[in-house]
Amino acid sequence: MINLVKVLKEEEYILHNLIQFYIYEFSQFIPAITLERNGTYKPFDLMPYWECSNLHPYFIKKEDELIGFALVESASETEPNAIQEFFIIRKYSGKGYGKIAANQIFSLFPGKWFITQVEKNYPAQAFWRSTISKFTGGNYNERYDEKRRSIQEFDTNLLG
């Protein structure tokens with residue numbers, strides 16, 4: 001069973017640890033990402049996730065085992081829901097757990113969605129196209145922005 005578990009402020013250090021693996025994997029697509037002098041990647045600023053009511057950090061767990069995380073921005077009056085960051089550790093990637101977690105997130109936050117992937121992250125593009133297509137029954141739009149990011153947009157309120 002795959003579960004989304006809200007990250008508590010006192011668990012922030014655990015999320016930072018997971019994010020190190022995420023940045024390591026992501027660095028293959030963005031050469032400008034380099035290690036800091038202390039041998040770690042520059043940490044994300046997670047403070048907004050404890051201060052803003054529309055930012056939601058989740059651990060992704062398989063049973064009780066931590067296997068990833070998702071950083072979600074819920075919709076505002078002017079912006080749709082968005083997955084800011086999403087990660088499943090390599091040991092569990094390709095086993096369908098990410099799709100289950102993504103579907104749970106889509107169901108938690110109904111309405112319009114906006115999901116982006118960097119230009120050269122073809123595995124992420126394939127994952128999101130497949131996941132969103134299955135979730136929406138193919139009822140989504142895809143486009144590229146000026147930075148050549150792949151963007152998928154859909155609205156859960158328009159699904160049967």
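Scanning the stretch 83-104 for residues that are hydroxyl-bearing (Ser, Thr, Tyr), surrounded by fewer than 17 Cβ atoms within 10 Å (Cβ to Cβ) and either in contact with a helix residue (DSSP H, G or I) (Cβ under 7 Å, 6 or more places away or on another chain) or assigned to a helix (DSSP H, G or I) (or both) yields one hit, 92. Within the stretch 25-47, track down each residue that is under 18 Å from the mean Cα position of the chain (by Cα) and either surrounded by 14 or more Cβ atoms within 10 Å (Cβ to Cβ) or assigned to a loop (DSSP other than H, G, I, E, B) (or both). Within the stretch 25-47, 25, 26, 27, 28, 29, 30, 43, 44, 45, 46 qualify. Given the criteria at pLDDT below 95, more than 13 Å from the chain's Cα centre (by Cα), farther than 28 Å from residue 63 by Cβ and surrounded by 15 or more Cβ atoms within 10 Å (Cβ to Cβ), does residue 121 qualify? So residue 121 fits the description; yes.
Every residue, every condition in (1) without any contact (Cβ under 8 Å) to a residue 24 or more places away in the chain; (2) within 16 Å of residue 81 (Cβ to Cβ); (3) among the hydrophobic types (A, V, I, L, M, F, W, C), yes or no:
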site: 116; (1), (2), (3): no, yes, no
site: 119; (1), (2), (3): no, no, no
site: 127; (1), (2), (3): no, no, yes
site: 133; (1), (2), (3): yes, no, no
site: 142; (1), (2), (3): yes, no, no
site: 148; (1), (2), (3): no, no, no
site: 152; (1), (2), (3): no, yes, no
site: 155; (1), (2), (3): no, yes, no
site: 158; (1), (2), (3): yes, yes, yes
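Residue-by-condition table, conditions (1) in contact with a strand residue (DSSP E or B) (Cβ under 6 Å, 6 or more places away or on another chain); (2) without any contact (Cβ under 8 Å) to a residue 24 or more places away in the chain; (3) closer than 24 Å to residue 132 by Cβ:
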{"site": "5", "(1), (2), (3)": "yes, no, yes"}
{"site": "16", "(1), (2), (3)": "no, no, no"}
{"site": "34", "(1), (2), (3)": "no, yes, no"}
{"site": "65", "(1), (2), (3)": "no, yes, no"}
{"site": "90", "(1), (2), (3)": "no, no, yes"}
{"site": "98", "(1), (2), (3)": "yes, no, yes"}
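With respect to residue 110, is the statement that it is surrounded by 13 or more Cβ atoms within 10 Å (Cβ to Cβ) and in a loop (DSSP other than H, G, I, E, B) true? Criteria met by residue 110.
Output the number of residues of the stretch 120-160 satisfying the condition of being over 22 Å from residue 32 (Cα atoms), hydroxyl-bearing (Ser, Thr, Tyr) and in a helix (DSSP H, G or I). So the answer is 5.
The values are calculated or read from the model by the stated rules, or taken from the named source; none is laboratory data. Since we're looking at a predicted model, the values are computed, not measured. Ideal geometry is used to build each Cβ from the backbone, glycine not excepted, and the neighbour counts take in all protein chains shown.
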